[in-house]
1. Working out 0.36 nm times the residue gap between residue 158 and residue 93, then minus their Cα-Cα distance, what length gain in nm do you get to one decimal?
2. Considering all alpha-carbon pairs of the chain, what whole percent are spaced by more than 29 angstrom?
3. Between residue 30 and residue 139, what is 0.36 nm times their sequence separation minus the Cα-Cα distance? Round to one decimal in nm.
4. For segment 104-167, give me the percentage of DSSP beta bridges that are antiparallel, rounded to the nearest 5 percent.
5. Output the peptides 48-55, 67-74 sorted from most to least packed, where packing is the average of other Cβ atoms within 10 Å over each peptide's residues.
6. For the chain, calculate the relative contact order in percent as a whole number, restricting contacts to Cα pairs under 8 Å that are 6 or more residues apart.
7. Taking only Cα atoms, what is the 0 to 90° angle, nearest 10, from helix 2-23's long axis to the longest principal axis of the chain?
8. Considering all alpha-carbon pairs of segment 73-141, what whole percent are spaced by more than 13 angstrom?
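All of the numbers you see were taken from the coordinates with simple rules; none came from a lab. This is a predicted model, so every value here is computed, not measured. For neighbour counting, all protein chains shown are included, and Cβ atoms are generated from backbone atoms with ideal geometry for every residue, glycine included.
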């Protein structure tokens, strides 16, 4: 009887451990919250890792709309009107997409924020597009989107893509 109880306990622990391991996403959820001017801003995304892959121009093609993360589209929320690279973005919730390029990136704020990836992305729903310059950065294994009082920086692999925010 003790042996059966021990086997059942071991089996239960194995099942519990396996279930927990399966719930871990390869691109876990991440977010950043910050103030820019008087606006409260929150960015929610899923953070993929490099894992030895060639990212720019390969995994993430140049010239194509990217969800700026993994899984669901990245969500950008602001409770007040702000300026992004000098252009007005009304208060609201947006899908944050990008169009990566070797020499410049387009940062896209799309009115359809609740969607999987960029599969149903429509340019006609864009609220704002701005163009910025990428820069070489330190190696960042897992995608990181940092917010500060003066802007946002997208960091992944050996690239850094900043864009300015003001009010």
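1. Between residue 158 and residue 93, full extension yields 20.5 nm more.
2. Roughly 27 percent, rounded to a whole number.
3. So the chain would gain 37.4 nm between residue 30 and residue 139.
4. Percentage antiparallel, nearest 5: 100.
5. Sorting 48-55, 67-74 by mean packing, highest first, produces 67-74, 48-55.
6. 21 percent
7. So the helix axis and the longest Cα principal axis differ by about 10 degrees.
8. Taking all Cα-Cα pairs of segment 73-141, the fraction more than 13 Å apart is 66 percent.
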